[in-house]
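A.B. asks: Take this structure first; my questions come after.
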Amino acid sequence: MSTRVVVDPVTRIEGHLRIEAILNDSNHVGDAISTGTMWRGIEVILRDRDPRDAWAFCERICGVCTTVHALASVRCVENALGIRVPKNAEIIRNIMFLTQMVQDHVIHFYHLHALDWVDIVSALKADPDKTAALAQKVSPSFPLSSPGYFRDIAATLKKYVDSGQLGIFQNAYWGHPAYKLPPEANLMAVAHYLEALKWQKEIIKIHTIFGGKNPHPNYLVGGIAAAVSMQSDNAINMERLNFIKDLIDGATQIVEQMYIPDLLAIASFYPEWTQIGAGLGNYLVYGDIPQNGISDVSKFRFPRGAILNKNLNEVLSVDPTDASQVQEEIAHSWYEYSDGKTSLHPWDGETSPKYTGPKPPYKQLDENAKYSWLKSPRWKGNAMEVGPLARVLVGYASGNTEFKDVVTEAIGALKVPASALFSTLGRTAARGLETRLAVRWLLDEYNQLVANLKAGDSATADTSKWDPSSWPAETKGYGFTEAPRGALCHWIHIKDAKIANYQIVVPSTWNASPKDGKGQRGAYESALIGTPMADPQRPLEILRTIHSFDPCLACASHVLSPDGRTLSEVVIVP
């Protein structure tokens, strides 16, 4: 008899996600359904608005991956209107993009995903002296590794536990048999969790300098909304640029001396997770970090391409404007398309919700019917995974030296083959590997900006097509980026200087999508198949794989569904 495990909502993510896993007699996942339980209506809100304002609405889709929707949106409008931004604007956008990626990935590892591998309560048993010795072995250069430092951390943690109020560490599966780290490694991880929490608010100051604030820094169709001048007191000057350099140096230390060593150390205790969670084996990357304008795909630091069936010998060409490549299906989604259509390219996309599911609260959903507020994007008819693993694999398969170097170093340190990347642990490791690249590129982009300014180029925007009278009567455009969670694209149709249609396909729509009309599972659903569970009452293993994708359902769906949902639930249905 099969057993159904329901996790609703999945916590330590952005947004509302429900997972139902159907276990076989050996307590392995035989089938799974991923459900976005909120509806997104941003596309409807944007109709008939000024295209130049779209970024400000789109950016507020999410407060976690802030900036990426604004970036995709301004690129979308610029593409439709034929605007090429100045070099300084391109570099500053790259800096803001990379700042977001570095901060987001470190936050994800320590604050959203590490607790799937780290037993906080076990850290109380740790010997601070042995923890210090371990920390110095794992990362000899990191300054915070004395016995006294870890003794203070242990005392702070004990106060939390003794009070009976674990706060941010409450309601987890402490003591679960799937935890394998020794107490000293757990204490080290807790300490670095707190260090990362302090650091993350510093690196994001780069956004406040170039964009005025964070979250939701300001963007501008045609460039950036800030003046830069080396000597001026009324613009971003050398003093501010020097401060940015200090922030980048601090980020480099966190990534190279704390994040990556911790990642490799923790991963070494869970080798079996290189065989779990592989999922689809299909990967999609739009590419980003342009070096010669957004139109020159060949000069992206993140290469564009697709991989099918884990074939690293062939990277396929990707075109987001090609209707034969990108389609959104609704066979199992709570939407309807006009004329009975079931699949549309986003330029022709429709956002017409039609809920046909059970009245909340409900015990389970019917996987044979419609069961999610997320649509099912497909590339050439294939379900695809997007995100750090996709980017690392496409970079690696493209022969990019930087990607090959970090992958080779990591798999050498872990003593696993490259095929180990096709897994839950590989997905987590890929996020760290691209963070190493991102923080290096961040410094390089900064140096390019300073050199450009010193050479006398201070232009940050092209406003020659700002006036709607210069626009064509009707035009279409698209804007893409590689958000921390994966491939993101916005499509716009402008008519009579207003938005006639606007469609957004976000990373978590690709990854968390329900089955399509051919029965193909989305990336979450596929990755869960075959997952062993030690204790179905405490589904830690489900969280490990789902969190490895870093879900952002706030991007994929918006506007809360009817009242009546419980705050937290794990249900076993025989």
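A.B. asks: I need the helices of the chain that pass two filters: whole DSSP H segments spanning 27 Å or more by Cα along the axis, and mean Kyte-Doolittle score no lower than -1.0.
C.D. replies: Answer set is 87-107, 183-203, 424-454.
A.B. asks: Pull up the DSSP beta bridges for the chain and report the antiparallel fraction as a percent, rounded to 5. Kindly include the intermediate steps, with their values, before the conclusion.
C.D. replies: Values: 51 of 55 bridges.
Of all bridge pairs located within the chain, approximately 95 percent are antiparallel.
A.B. asks: Could you tell me which residue out of ASN218, PRO536, GLY349 lies farthest along the dipole of the chain toward its positive end? Charges go on the beta carbon: Lys and Arg +1, Asp and Glu -1, centred on the Cα centre.
C.D. replies: PRO536
A.B. asks: Answer rounded, prolate or oblate for segment 359-459, using the Cα gyration tensor with square roots of eigenvalues a ≥ b ≥ c: rounded when a/c is under 1.5, else prolate when a/b is larger than b/c, else oblate. Display every interim value, and only then the final one.
C.D. replies: Values: a/c = 2.80, a/b = 1.60, b/c = 1.75.
Because a/c hits 1.5 or more and a/b fails to exceed b/c, segment 359-459 counts as oblate.
A.B. asks: Hey, another quick one. Compute the separation of the alpha-carbon centres of segment 1-69 and segment 390-457 and state it in Å as a whole number.
C.D. replies: Spelled out, the Cα-based centre of one part sits 27 Å from the other.
A.B. asks: I'd like the FRET efficiency for SER141 and ALA418, computed as 1/(1 + (r/R0)^6) with the beta carbon distance as r and R0 of 22 Å, rounded to 0.05.
C.D. replies: Computed FRET efficiency for SER141 and ALA418: 0.20.
A.B. asks: Of all DSSP beta bridges in segment 184-339, what percent run antiparallel (nearest 5)?
C.D. replies: Approximately 90 percent, going by the DSSP bridge assignments.
A.B. asks: Rg/Rh for the chain: what does it come to with C-alpha atoms and Rh from Kirkwood?
C.D. replies: Rg divided by Rh gives 0.96.
A.B. asks: Taking the number of other C-beta atoms within 10 Å as the exposure measure, put CYS62, CYS76 in order starting with the fewest.
C.D. replies: Neighbour counts put them in this order, fewest first: CYS62, CYS76.
A.B. asks: Among residues other than GLU195 whose Cβ falls under 15 Å from its Cβ, what is the net charge (Lys/Arg +1, Asp/Glu -1)? Could you put the intermediate results ahead of the total?
C.D. replies: On the way: positive: LYS198, LYS201; negative: ASP152, GLU202, GLU256, ASP262.
Around GLU195, the charge tally is -2.
A.B. asks: Here's another thing I want to ask about it. Could you list the residues of segment 263-296 with an amide nitrogen less than 15 Å from a label point located 7 Å from the Cα of GLU402 in the Cα-to-C-beta direction?
C.D. replies: In segment 263-296, the label zone of GLU402 (backbone N under 15 Å from the point 7 Å along Cα→Cβ) covers 287-293.
A.B. asks: Show that you can apply the helix-only estimate: for the chain, add -39,500 (n - 2.57) for every DSSP H stretch of four or more residues, divide by all residues, and state [θ] at 222 nm to the nearest 500.
C.D. replies: -11000 deg cm²/dmol
A.B. asks: Nearest 20 debye, what's the magnitude of the dipole of the chain about its Cα centre given +1 on Lys and Arg Cβ and -1 on Asp and Glu Cβ? Intermediate values should be presented prior to the final figure.
C.D. replies: Working: 56 positive and 62 negative charges, 43 e Å.
Around 200 debye, computed over the chain.
A.B. asks: Please give the contour-minus-distance gain from ASP127 to ALA155: 0.36 nm per residue of separation, less the Cα-Cα distance, rounded to one decimal in nm.
C.D. replies: Gain in length upon complete extension: 8.9 nm.
A.B. asks: While we're looking at this one, here's another question. Using Cα positions and a limit of under 18 Å, work out the aspartates and glutamates in reach of LYS130, with same-chain residues fewer than 8 apart set aside.
C.D. replies: Of all the aspartates and glutamates, those that pass the test against LYS130 - Cα under 18 Å, at least 8 places apart if same chain - are ASP119, ASP152, GLU184, ASP262.
A.B. asks: Using Cβ contacts closer than 10 Å as the measure, can you line up GLU202, GLU367 from fewest to most?
C.D. replies: The fewest-first ordering by Cβ neighbours comes to GLU202, GLU367.
A.B. asks: Still on this structure: Below 24 Å, Cα to Cα, which lysines can LYS498 reach? Residues fewer than 8 away in the same chain don't count.
C.D. replies: LYS465, LYS476
A.B. asks: Over 20 Å between Cα atoms: which of LYS180/LYS201; LYS205/LYS245; LYS137/LYS205; LYS310/LYS380 fall into that group?
C.D. replies: Violating the 20 Å limit, Cα to Cα: LYS180/LYS201; LYS137/LYS205.
A.B. asks: Report the full-extension gain for the segment LYS310 to GLN231: residue separation times 0.36 nm, less the Cα-Cα distance, to one decimal in nm.
C.D. replies: Gain on extension, LYS310 to GLN231, equals 23.2 nm.
A.B. asks: Shape call for segment 190-231 from the C-alpha gyration tensor, a ≥ b ≥ c root eigenvalues: rounded (a/c under 1.5), prolate (a/b greater than b/c) or oblate?
C.D. replies: Because a/c hits 1.5 or more and a/b exceeds b/c, segment 190-231 counts as prolate.
A.B. asks: Ratio of Rg to Rh for segment 120-170, alpha carbon only, Kirkwood?
C.D. replies: We get a ratio of 1.04 for segment 120-170.
Readers should treat all values here as calculations from the given coordinates under stated rules, not as data from a laboratory. What you see is a predicted model, and the numbers here were worked out from it, not measured in a lab. Counting neighbours? That spans all protein chains shown, and the Cβs are built from the backbone with ideal geometry, glycine included.
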